[in-house]
Amino acid sequence: MSTSNISLEILSPVHIGTQQEKTWNKNLDFFYQQGKVYVVDQDKLFAKLYALDGQNAIQTFNAKLAANRLDDLKSYIHQHVSLANIAQVVFDSPQEPGNEIKPLVRTGLGAPLIPGSSLKGAMRTAILTHLIKQKPHFAKQERNLKNKWGRYGDREIVKNYLGKDPNHDLLRMLQVADIELSNPQTILYKTQTLNLYGNSWKIKQSVTNYLECANLQICEGRLHIPQTQLKLAIKNNILKNTQVLNEGKLFEIINTHTLHLLQEEIEFWEEELALTNTHPMVDDYLESLRELHAAAQDCDPSQSCVLRIGAGAGWDAMTGRWAKEETILDDRTWSNLKQALRPKKYFDTPFPKSRKALEKAKPLGFVKMSFR
């Protein structure tokens, strides 16, 4: 495999965001009116205001903003400007959002996209987890899970399995292009966090986000593994574990990884339903997990795979959860690591002890990649 065209099917809504300073703020960047959220184009807004009353309108706007009178600003805009004429993004929303909306990352021309770096990061986690499971001896030794100051970290693990530095990093040979959405019409979702309180799973009311998400669709992209450079790197013994980049093997590793994560999560919730008091949302969440598991099972592993990317993926997906495997870390090592990762008062609760999902109980971030 050198350069391959791939298709990316979004199986559950995806959010990959920008820096915090680019968050959309209510009654400044977006306005709510009659069941719709209008994210305004600021240039068009000021042009409309100037056409209304020249510099006086601009000064009125700035004075209300400087005094943090955003409700007055909202009334002023609603009275004098048609939001539909100045909106860059419009969402249908039966309820008014909170104070912030987190937007998707975009191209320089404003088109929403799935960054290649996010896809590659999820693939990297799957590959690293696969290599650790194949040769767990190094990861089993607790000293290799710590830095020189004795704090837990994955630096030594990554160096051992993927390469000692950027020049020797196996994944430098895996290049994934950014993917623009085929349907640029995005959707606004409210997230909810399931959290364990004693013996009951409830919605954590203090943690709610509004996310702009890429909705279900199929997009086109490219994946490149430079064969000439790869052969030279193998010949000169620069890279290790290059077998994982073989055509037919890469997607198999990723899909097996995702199936394992989904199966563990399904079994976790089946057990929790039997042992604890659960929020009604759990039944729907579990059914969504089963549907995603079935989609991964239906993949031809030489040609397609399911992986999880972006916001809401959770600790297991971000790390590959290899540290929780009984065949890799013994009870003492896992206990020490877990103790370092969380407050002591939560030590005897499941790890992790919360799950983020959309208001409709849909897990975030599952996509299917296929060679075309």
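The values are calculated or read from the model by the stated rules, or taken from the named source; none is laboratory data. These numbers come from a predicted model, not from an experiment. Cβ atoms come from the backbone with ideal geometry, glycine included; neighbour counts cover every protein chain shown. For accessibility, only protein heavy atoms count, side chains too; no ligands or nucleic acids. Shrake-Rupley method; radii C 1.70, N 1.55, O 1.52, S 1.80 Å.
Structural remarks
- Meets criteria (open to solvent by 20 Å² or more (accessible area, probe 1.4 Å) and within 19 Å of Leu364 (Cβ to Cβ)) for Thr125: yes
- Top-ranked residue in the stretch 94-109 [being farther than 22 Å from Leu181 by Cβ and touching a Phe, Trp or Tyr at 6+ places or on another chain (Cβ under 6 Å); ranked as most open to solvent (accessible area, probe 1.4 Å)]: Glu96
- Pairs with Cβ under 9 Å, 6+ apart, first in the stretch 228-246 and at negative phi, second among the small types (Gly, Ala, Ser) and surrounded by fewer than 16 Cβ atoms within 10 Å (Cβ to Cβ): Thr228/Ser2
- Meets criteria (in a strand (DSSP E or B) and of a type in the set (Ser, Thr, Tyr)) for Thr228: no
- For Glu252, the conditions (1) part of a loop (DSSP other than H, G, I, E, B); (2) at pLDDT 95 or above all hold with the exception of (1).
- Residue satisfying condition, being open to solvent by less than 70 Å² (accessible area, probe 1.4 Å), part of a helix (DSSP H, G or I) and within 23 Å of Tyr210 (Cα to Cα), within set Leu113, Leu73: Leu73
- Residues that are closer than 11 Å to Glu96 by Cβ and either touching a Gly at 6+ places or on another chain (Cβ under 6 Å) or assigned to a strand (DSSP E or B) (or both), drawn from the stretch 24-40: Lys26, Phe30, Phe31, Tyr32, Gln33, Lys36, Val37
- Within the stretch 288-330, the residues that satisfy the criterion of being out of contact with any Pro (no Cβ under 6 Å at 6 or more places or on another chain), among the aliphatic types (A, V, I, L, M) and in a loop (DSSP other than H, G, I, E, B) are Ile309, Ala311, Ala313, Leu329.
- Residue in the stretch 106-120 that is touching a helix residue (DSSP H, G or I) at 6+ places or on another chain (Cβ under 9 Å) and more than 24 Å from Ala313 (Cβ to Cβ) present: no
- Total residues in the stretch 204-228 satisfying the condition of being aliphatic (A, V, I, L, M), open to solvent by less than 50 Å² (accessible area, probe 1.4 Å) and closer than 25 Å to Tyr32 by Cα: the figure is 3.
- Scoring Asp92 on the criteria (1) free of Cβ contacts under 8 Å to residues at least 40 places away in the same chain; (2) under 23 Å from Val207 (Cα atoms) leaves a single failure, condition (1).
- For the stretch 140-153, the set of residues classified as outside any helix (DSSP H, G or I) and in contact (Cβ under 8 Å) with a residue 12 or more places away in the chain consists of Arg151, Tyr152, listed by residue number.
- Just so you know, in the stretch 10-69 the residues that are among the aliphatic types (A, V, I, L, M) and touching a strand residue (DSSP E or B) at 6+ places or on another chain (Cβ under 7 Å) include one that is surrounded by the most Cβ atoms within 10 Å (Cβ to Cβ), and it is Val14.
- In the stretch 271-286, residue nearest to the chain's Cα centre (by Cα) [restricted to those that are over 13 Å from Arg355 (Cβ atoms) and surrounded by 14 or more Cβ atoms within 10 Å (Cβ to Cβ)]: Leu273
- Which listed residue is assigned to a loop (DSSP other than H, G, I, E, B) and either farther than 16 Å from Asp29 by Cβ or touching a Pro at 6+ places or on another chain (Cβ under 6 Å) (or both), from Gly108, Gly98, Gly54: Gly108
- Selection of first residues in the stretch 182-201 that are closer than 21 Å to Glu100 by Cα and of second residues that are assigned to a strand (DSSP E or B) and of a type in the set (S, T, N, Q), restricted to Cβ pairs under 9 Å at least 6 apart or on distinct chains, gives the following pairs, ordered by first then second residue: Thr193/Ser354; Leu194/Ser354.
- Of residues in the stretch 331-372 being among the β-branched types (Val, Ile, Thr) and not in a helix (DSSP H, G or I), the one farthest from the chain's Cα centre (by Cα): Thr349
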